[in-house]
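J.: Dumping the structure here so I can ask a few things about it.
The values are calculated or read from the model by the stated rules, or taken from the named source; none is laboratory data. Given the structure is predicted, the values throughout are model-derived calculations rather than measurements. A quick note on method: Cβ atoms are made from the backbone with ideal geometry, for glycine too, and the neighbour counts reach across all protein chains shown.
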Amino acid sequence: MSECPICNATLSKERREIEKGVFAEVEVCPKCSDEWIDETEYKRLYDIFRRRAFKVGGSIAIRIPKEIANAVKIHEGDELKFSVVKKKIIIEPT
């Protein structure tokens with residue numbers, strides 16, 4: 001996309017933080033300030049936030065994407081605390 005579909009201004013590409021520590025290449029309209037991402041960037045972001053559980057021994061495991069681990073400062077070997085609130089898993093560094 002090179003023109004804003006709303007006001008026809010020329011779009012510029014910028015790197016924006018969409019979640020803490022997670023960045024995306026977006027096209028920004030300098031006139032109306034709307035933002036868009038292309039299909040490739042959308043798929044990359046979608047894949048960061050979606051994971052499949054797998055079995056390890058007698059447990060179920062998931063991998064935390066590097067971008068998310070960096071954003072919340074989780075490192076290999078860190079001790080984590082799990083809790084369940086309203087059917088959601090909360091993971092916190094201890």
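J.: Out of the residues in the range 6-22 meeting the condition of being without any contact (Cβ under 8 Å) to a residue 40 or more places away in the chain and not charged (D, E, K, R), tell me which one is surrounded by the most Cβ atoms within 10 Å (Cβ to Cβ).
T.: Pass one, the range 6-22, residues without any contact (Cβ under 8 Å) to a residue 40 or more places away in the chain: 6-18.
Keeping just the survivors that are not charged (D, E, K, R) gives 6-12, 18.
On the way: 6: 10, 7: 11, 8: 10, 9: 14, 10: 11, 11: 19, 12: 11, 18: 13.
Across the range 6-22, the extreme among qualifying residues is 11.
J.: Looking at the range 34-44, can you tell me whether even one residue there is in a strand (DSSP E or B), surrounded by 10 or more Cβ atoms within 10 Å (Cβ to Cβ), in contact with a Leu (Cβ under 8 Å, 6 or more places away or on another chain) and modelled with pLDDT under 90?
T.: Among the residues of the range 34-44, at least one is in a strand (DSSP E or B), surrounded by 10 or more Cβ atoms within 10 Å (Cβ to Cβ), in contact with a Leu (Cβ under 8 Å, 6 or more places away or on another chain) and modelled with pLDDT under 90, which makes the answer yes.
J.: Among the candidates 60, 68, single out the residue that is surrounded by fewer than 10 Cβ atoms within 10 Å (Cβ to Cβ) and out of contact with any Pro (no Cβ under 6 Å at 6 or more places or on another chain). Write out each step before concluding.
T.: Numbers: 68 fails: surrounded by fewer than 10 Cβ atoms within 10 Å (Cβ to Cβ).
Answer to the check: 60.
J.: Any chance you could count how many residues in the range 81-94 are assigned to a loop (DSSP other than H, G, I, E, B) and either surrounded by 10 or more Cβ atoms within 10 Å (Cβ to Cβ) or in contact with a Leu (Cβ under 8 Å, 6 or more places away or on another chain) (or both)?
T.: Kept after step one, since they are assigned to a loop (DSSP other than H, G, I, E, B), are these residues of the range 81-94: 86-87, 94.
Filter once more, keeping what is either surrounded by 10 or more Cβ atoms within 10 Å (Cβ to Cβ) or in contact with a Leu (Cβ under 8 Å, 6 or more places away or on another chain) (or both): 94.
The qualifying residues number 1.
J.: Within the range 42-87, track down each residue that is of a type in the set (A, V, I, L, M), closer than 21 Å to residue 21 by Cβ and free of Cβ contacts under 8 Å to residues at least 40 places away in the same chain.
T.: If we filter the range 42-87 for residues that are of a type in the set (A, V, I, L, M), which is where we start, we get 45, 48, 53, 56, 60-62, 64, 68-69, 71-72, 74, 80, 84-85.
Now restrict to residues that are closer than 21 Å to residue 21 by Cβ: 45, 48, 62, 64, 68-69, 71-72, 74, 80.
Across the range 42-87, the qualifying residues are 45, 48, 62, 64, 69, 74, 80.
J.: Quick check on my filter: what residues within the range 64-88 are farther than 24 Å from residue 44 by Cα and either touching a helix residue (DSSP H, G or I) at 6+ places or on another chain (Cβ under 7 Å) or of a type in the set (A, V, I, L, M) (or both)?
T.: 80, 84, 85
J.: For the range 45-80, which positions are assigned to a loop (DSSP other than H, G, I, E, B), among the small types (Gly, Ala, Ser) and more than 21 Å from the chain's Cα centre (by Cα)?
T.: Filtering the range 45-80 down to residues assigned to a loop (DSSP other than H, G, I, E, B) leaves 49-53, 57-58, 62-65, 72-79.
If we keep only those that are among the small types (Gly, Ala, Ser) as well, we get 53, 57-58, 77.
Hits for the range 45-80 are 57, 58, 77.
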